1. Between beta-carbons, use under 11 Å as the cut-off and find the net charge around Ser8, counting Lys and Arg +1, Asp and Glu -1.
2. Net charge near Ala52: determine it from the other residues with C-beta under 13 Å of the C-beta of Ala52, scoring Lys and Arg +1 and Asp and Glu -1.
3. Can you give the local net charge around Val41? Use residues other than it whose beta-carbon is closer than 12 angstrom to its beta-carbon, Lys and Arg +1, Asp and Glu -1.
4. By per-residue mean of other Cβ atoms within 10 Å, what is the highest-first order of 34-45, 51-62?
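None of the figures in this text is laboratory data; all of them are computed from the coordinates on show. Nothing here was measured: the structure is a model prediction, and the numbers come from that model. No Cβ is skipped: glycine too gets one built from the backbone with ideal geometry, and neighbour counts run over all protein chains shown.
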Amino acid sequence: MITIFYPSNGLDITGWQERLDRASLTYELIIEENSTVPRLVDGDNVAEGIPAIEAYLESQEQFVKDWYDDRCDKYEFDPDAAPKIKGING
């Protein structure tokens, strides 16, 4: 799960929230009163600061996009169909 800790100084995080929602990623947003820099934690991965968080979110969005692009069910594949052999049945 992605956790974003952010300062209470009025940092607008709605863009991050929308991106995480669009990618269907599980996340939590936590206000840290004494923090001055936002920080993202995802398991062992840590990104500190707005540019680093933006880059991490971009990498996760790309991962999700690639996963959907590579899924097997997007192809019309019939495991019971005989393979087409050129010159014999295809």
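1. Around Ser8, the charge tally is -2.
2. -3
3. -4
4. Averaged packing, sorted descending, gives the order 51-62, 34-45.
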